[in-house]
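Have a look at the structure below before the remarks.
The values are calculated or read from the model by the stated rules, or taken from the named source; none is laboratory data. Given the structure is predicted, the values throughout are model-derived calculations rather than measurements. Because the Cβ atoms are built from the backbone with ideal geometry, glycine has one as well, and the counts that use them run over all protein chains shown. The protein model used for the area step is the full one, side chains on, heavy atoms only, and it has no ligands, DNA or RNA in it. Shrake-Rupley method; radii C 1.70, N 1.55, O 1.52, S 1.80 Å.
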Amino acid sequence: MSRRFLPRLWGYLRHRWINVRRVRLWVLVAVALYTLAGFFLVPWLAGWIAQDKVQEELGRELRIGDIDFNPYTFTLEVTDFALADPDGHELAAFDRLFVNFTLVSLFDQAWTFQQARLEGPVVQEERFASGETRFSRLIDDAAGEPAATSEGGMPAMVIRDLDVVEGVIRFADHLTTASHPSGTTATIAVQDFALSLNDAALHENSGFPLHFAGQIKAGGAFSFDGEMRVSPAFGVNGGLRAETLALSPAEPYLQQLARLAIKGGNLSLDGRLSVSADEPLAFRGSAGVDGFSLAPLDPGDTEPVAGWQAMKIEQLDLSLAQRSLEASSVSIEGGSGRVIIREDRTTNFNRLLVARAEGEGPAVEGDQGEGAAPFRVSIAGIVLADSRLQFADHSLPLPFSTRIHKLNGKISTLASDTQTPADVQLEGQVGEHGLARIEGTIHAWQPMRDTDVTLTFRNLVVPDYSPYTVAFAGRRIAEGRMDLDLGYRLVDGKLAGSNAIVLHDLELGEEVESPGAMDLPLSLAVALLKDSEGVIEMDIPVTGELGDPHFALGGAIRSAIGDAIGDIVSAPFRFLASLVGASEEDLQRIAYPAGRSDLTPPQHQRVGLLREALVKRPALALELAGPFDPNVDGPALKRQRAVEQLAEWLRERGREVSSPDLTAESTQEAMEALFSSAYPQTSLDEVRARFTREPDEDPKGRSAFDAVAYRAHLAEAVIAAQPVTDADLAALGQARARAVRDRLLADTPDGPQEGTAVEPERVQLAEPRAVESENDEQVVMEVGLAVD
């Protein structure tokens, strides 16, 4: 019976259901069902499942405007997507997502997308005071859900073309700052964000092109062109460029440390950025900040405390893996600063610092993990050009305030891994003929340990500071000039200051009523303090603990000598000075910086006054014996010779440097060659060994080479080896005398005798003369008189 049943069944199906006409019908039915399921059922199910899954497992609301799927072209389009936190805050959203899946995936054994395009994505992250963020909460809620990945870690996926356009990224950070102790929000927003990548095989150990760019809402733009890989570990390497990024969004973070507002500043970067499994972050390139300004939050004090027009670092090398930051010389143009010592001996910077609660201080050594090396910072130097500095000391008996302009100079190498302090050499101009100089040493990373700085001011016009003398003693200053030597030494947090004040030809003005002014017989005091040259000298020491608002002010005036004014015969230059409204020193003493023969602005003025006096006394002639001091000029000439020798060595090897740095890393090879030439019997290996700490001398058994101290030793040795003969010193003295003679013979005087010059025969050059200087900063020429 079974044999007959099967043939009958087959015949029945063949004639009734599987004939040609009915097969066509079934094909049409299958196509119709596939089409309906693909175009309608799949999008509806996908949206419903996604929204239900997010709500059930994450407790968040997912909104999807529309899902379109084409079962024939395998394209997917999702519009108006939004994921919100339980409080309604929108975490992520996009306007449109388009994905084109290719059937090649079935043969390549990898999910292959021919095209993916994301339009208008918005990501909004927020960090709360507790340290949590919205996305960290989302990740915690999603924890425990296993990710479907292939055996290698990343899913087998290939994206031929990915584009993200018109993106927005917002980050809000809740902080407590000096200006908002109850809390404020720092916001950083990126707009017009765009990203593209091509031929990205996410599962393969190969890189693929990546480009992204965007704009900061506060100002500025950035872009990246390079390569990215995600397997076996994430990595990025390529060119990063940032143009005029506004620094204002960083203001809330700054105010956690200081009561300061960022009034301007734009950051620019141009270099290579790399991230890998072995290197968390590395950047090598140039950096610059333009138009930077910091102002205090005090409503009564709105003047900037620091800033600059332009700051440039030609080469910056940052490596988190090596825990190091190395930079070439930092060039600052148009810098500005304001340092105020108040009546209570505190500075304006003391008031800017935010007091930290106990336990909020920086991490101590050892907090960074067992054996973690300290972060190493090395800056080749700081070069200032056309900068200005306001300095005021209201703690002095005669409060002092001045503005220094045309400030130029440099600070030597700053390195965190050296015990050698940085040298500070700055010089600027005060007023029309005043000179300001800042010199000394400072430990940039441990300034409280050992800092020794001297501020020198010369030829200051005292009447400019009458407002301060009125507040002090109720008297104006009618005439006078002032020289200041302000020395501050800080050792282990203890401050010892020496403030030497020299007043020349001081004349008091009228009395002015001033509340709180001291009732002092100033006229008598000035008469008693003036010496035979009309000079008042005061030395005011300042001592105290740094940070203590009450420094102890030591004795006031140490000495006062007043003598009767001699007659014109015993003091001829004083008589001449009375003709031109100057002092004897203005006409008789010409001072030169060590090793130099040029005239500084104050000396330039003095020679002009001397010429004016000679014009009024035509029977007089001058004898100029150029001075030189081997103890003062010798070291300066040696240094000049060393710099010239270094420049010549570099020039012979194709490196044209007009004034090379003797201690720079870039000139180490040259200095070693010069050292070996000067000291052929001394081995460089032995010298290097003196600056190398052996492993058994280190608690952690590491050897360390102090390159900065080594280069400083080379510089000192090469300088010491330079020959300076008596003839060289005499030539310097002769050049100094010629500089004064040339100024006297010029026909563009500063005095009222416009266009008048001194006759050549009235200026005689004598043999150069060795002198003993009063200090190691300058050499003084005593001008001699003769009868024409």
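Under the √(5λ) rule applied to the eigenvalues of the Cα gyration tensor, what semi-axes describe the equivalent ellipsoid of the stretch 591-673? Give them in Å, descending. Walk me through the numbers on the way to the answer.
Details: eigenvalues 325, 36, 21 Å².
Computed over the stretch 591-673, the values are 40, 13, 10 Å.
Tell me, in nm to one decimal, what length is gained between W111 and R651 on full extension, where the rule is 0.36 nm per residue of separation less the Cα-Cα distance? Working shown, then result.
Values: separation 540, 0.36 × 540 = 194.40 nm, distance 6.15 nm.
Fully extending the segment from W111 to R651 adds 188.2 nm.
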Original post:
So for the pair K406, E314, with labels modelled 7 Å out along Cα→Cβ, what separation do we get in nm?
Top reply: 2.6
**OP:** Consider a paramagnetic label point 7 Å from the Cα of A373 along Cα→Cβ; state which residues of the stretch 313-333 have an amide N under 14 Å from it.
**Re:** 318-326
**OP:** With r as the distance between the Cβ atoms of H211 and N70 and R0 = 30 Å, compute the FRET efficiency 1/(1 + (r/R0)^6) and round to 0.05.
**Re:** 0.55
Original post:
For the pair A189 and E767, how long in nm is the line joining their label points, each one 7 Å along Cα→Cβ?
Top reply: 8.2
Original post:
Using modelled backbone amide H atoms (1.01 Å from N, in-plane), which distant-in-sequence or interchain residues come within less than 5 Å of A478's amide H?
Top reply: E507, L508, G509
Subject >> Cα pair distances in the stretch 221-302, grouped into 5 Å bins until the bin that holds the longest one, percent each >> reply: 3, 13, 17, 16, 14, 13, 10, 7, 4, 2, 1, 0
**OP:** State the extension gain, in nm to one decimal, for the chain segment bounded by T692 and D225, taking 0.36 nm per residue of separation less the distance between their alpha-carbons.
**Re:** 163.9 nm
Subject >> Solvent-accessible heavy-atom area per residue, rounded to whole Å², over the stretch 587-676 at 1.4 Å >> reply: 41
Subject >> Computed label-point distance, nm, for sites R241 and A32 using a 7 Å Cα→Cβ extension >> reply: 6.0
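How much of the accessible area of the stretch 170-225, in percent, comes from carbon and sulfur atoms when a 1.4 Å probe is used? Numbers along the way, then the final one.
Details: 1400 of 2680 Å².
Looking at the stretch 170-225 in its full context, I get 52 percent from C and S.
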Subject >> Label-zone membership for the stretch 198-213, site I169, 7 angstrom Cα→C-beta point, backbone N under 17 Å >> reply: 210-213
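Can you give the local net charge around Q309? Use residues other than it whose beta-carbon is closer than 9 angstrom to its beta-carbon, Lys and Arg +1, Asp and Glu -1. Spell out each step's value before the answer.
On the way: positive: none; negative: D290, E333, D386.
Here the charged neighbours net out to -3.
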Subject >> Cα-only radius of gyration and Dmax that characterise the stretch 162-302, units Å >> reply: 18.3, 62
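Count the net charge of all other residues whose Cβ sits under 13 Å from the Cβ of E772, scoring Lys and Arg as +1 and Asp and Glu as -1.
On the way: positive: R769; negative: D629, D633, E774, D776, E782.
Residues near E772 contribute -4 overall.
Taking 0.36 nm per residue of separation and subtracting the Cα-Cα distance, what length does fully extending A735 through A277 add?
Full extension of this stretch gives 158.5 nm more.
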Original post:
Karplus couplings for the stretch 587-599 from phi (6.51 cos²θ - 1.76 cosθ + 1.60, θ = phi - 60°), rounded to Hz, Gly and Pro as x?
Top reply: 9, 9, 10, 10, 9, 10, x, 4, x, 10, 10, 7, 9
Subject >> Amide proton proximity set for L175, modelled H, under 5 Å, gap of 5+ >> reply: T184, T185, A186
